[in-house]
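Worksheet for the structure shown next.
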Amino acid sequence: MGTPLRIAIDGPAASGKSTLAQRLAAHLGYTYIDTGVMYRAVTWAALRRGISPEDAEALTHLAESLDLDIQRPTVADGRPYTVIVEGEDVTWELRRPEVDAAVSQVSAHPGVRQALSQRQRQLGLRGRVVMVGRDIGTVVLPEADLKIYLDADLETRARRRYQELRERGQAVSFEEVLEAMRQRDALDQGREVAPLRPAPDAVVLDTTALDIEEVFQKVVALIEARCREGSRVAR
Ligand SMILES: Nc1ncnc2c1ncn2[C@@H]1O[C@H](COP(=O)(O)OP(=O)(O)O)[C@@H](O)[C@H]1O
Ligand SMILES: Nc1ccn([C@@H]2O[C@H](COP(=O)(O)OP(=O)(O)O)[C@@H](O)[C@H]2O)c(=O)n1
């Protein structure tokens with residue numbers, strides 16, 4: 001294999017997926033695609049319209065028809081991209097605790113998943129992408145050339161997310177973040193369609209004791225090793 005053209009990164013909340021993916025995409029000159037943002041956008045729109053997170057039919061219709069645009073950052077406030085839903089910049093709205101609390105329930109509906117996975121697969125098939133989510137290696141792009149599953153223990157992930165939210169000025173307690181994350185993990189791992197788990201051919205990397213740079217270096221080393229293997233086979 002040469003440089004992997006499609007890289008899939010899956011794992012639970014705050015395992016470091018987006019951080020790694022953005023650095024890898026910049027390093028390789030690839031496009032970074034965050035699929036979680038699409039599930040968050042549907043959830044945000046549902047909350048605004050008063051659609052219940054249990055209403056499969058209404059949510060499926062929303063996922064199929066939502067006017068959603070993910071653009072290059074339009075404001076220099078640390079955002080990796082700007083998300084426009086129905087003409088409104090909702091980039092930071094999507095990170096609010098209300099969205100966190102409902103997103104796993106919304107994402108469990110097969111109709112919602114089908115609508116969004118289809119859009120994601122079309123983007124992924126273009127190649128030269130680093131795609132992040134929960135089911136990229138298992139469902140969205142099972143033919144990805146490199147699959148990474150990032151993990152870290154719950155406390156560590158909750159601490160990372162807590163610090164991130166506090167730095168952004170959100171008034172949350174560590175216990176609230178921990179409990180919300182525990183519930184989201186359970187729903188994401190327990191759903192019937194596309195449950196969160198590593199693909200059989202994923203490289204599982206536990207980041208509990210690794211800093212951001214160490215994770216990045218490990219994955220770059222992995223990509224370089226795969227490239228060397230590929231060129232040996234090709235010779
Ligand atoms: N290996 C790491 N060590 C410490 N902090 C990390 C690490 N990876 C990511 N972070 C921090 O943890 C938070 C969540 O990371 P993020 O990449 O958004 O996770 P995910 O995309 O998996 O939800 C961010 O504030 C990020 O800077
Ligand atoms: N490919 C994906 C991506 C996200 N999701 C859902 O969307 C939620 C938010 O995903 P996210 O990647 O934005 O969450 P964080 O890891 O950033 O906290 C997850 O908890 C899942 O319920 C999914 O089901 N499948």
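The values are calculated or read from the model by the stated rules, or taken from the named source; none is laboratory data. Only a predicted model underlies this, so the values are computations on that prediction, with no experimental measurement involved. As a convention, Cβ positions derive from the backbone with ideal geometry for all residues, glycine included, and neighbour counts pool all protein chains shown. Note: accessible area is taken over every heavy atom of the protein model, side chains too, but ligands, DNA and RNA are not part of it. Shrake-Rupley method; radii C 1.70, N 1.55, O 1.52, S 1.80 Å.
Condition check for Ile70 on (1) outside any helix (DSSP H, G or I); (2) modelled with pLDDT of 95 or more: one failure, at (2). Would you confirm, using the coordinates I've provided, whether Asp89 is surrounded by fewer than 20 Cβ atoms within 10 Å (Cβ to Cβ), among the acidic types (Asp, Glu) and within 16 Å of ligand 1 (Cβ to nearest atom)? In short, no. Screening Val204 with (1) within 22 Å of Glu98 (Cβ to Cβ); (2) at pLDDT 95 or above gives one miss only, at (1).
The residues of region 24-42 that are more than 8 Å from ligand 2 (Cβ to nearest atom) and either open to solvent by less than 20 Å² (accessible area, probe 1.4 Å) or not in a helix (DSSP H, G or I) (or both), listed by number, are Leu24, Ala25, Gly29, Tyr30, Thr31, Tyr32, Ile33, Ala41, Val42. Only one of the listed residues (Ala41, Ala56, Ala8) is in contact (Cβ under 8 Å) with a residue 40 or more places away in the chain, over 30 Å from Asp211 (Cβ atoms) and within 16 Å of the chain's Cα centre (by Cα). That residue is Ala41.
For Gln163, are the conditions met, namely being over 16 Å from Ser18 (Cβ atoms) and part of a helix (DSSP H, G or I)? Judged against the criteria, Gln163 is not a match.
For region 207-227, give me each residue that is within 16 Å of ligand 2 (Cβ to nearest atom) and either charged (D, E, K, R) or closer than 17 Å to Ala26 by Cβ (or both). Matches in region 207-227: Ile212, Val215. Quick one: in region 129-176, of everything that is open to solvent by 60 Å² or more (accessible area, probe 1.4 Å), farther than 26 Å from Arg191 by Cα and touching a residue at least 60 places away in the same chain (Cβ under 8 Å), which residue is farthest from ligand 1 (Cβ to nearest atom)? The residue in question is Arg168. Scan region 126-160 residue by residue and report those that are assigned to a helix (DSSP H, G or I) and within 12 Å of Lys17 (Cβ to Cβ). Hits for region 126-160 are Ile136, Gly137, Arg157, Arg160. Taken as a whole, region 152-163 holds at least one residue that is touching a strand residue (DSSP E or B) at 6+ places or on another chain (Cβ under 7 Å) and within 12 Å of ligand 2 (Cβ to nearest atom).
Taken over region 214-227, the residue count meeting the criterion of being over 16 Å from Pro4 (Cα atoms) and open to solvent by less than 80 Å² (accessible area, probe 1.4 Å) is 1.
In the set Thr35, Thr19, Thr3, only one residue is away from ligand 1 (no atom under 12 Å from the Cβ) and polar (S, T, N, Q); that residue is Thr3.
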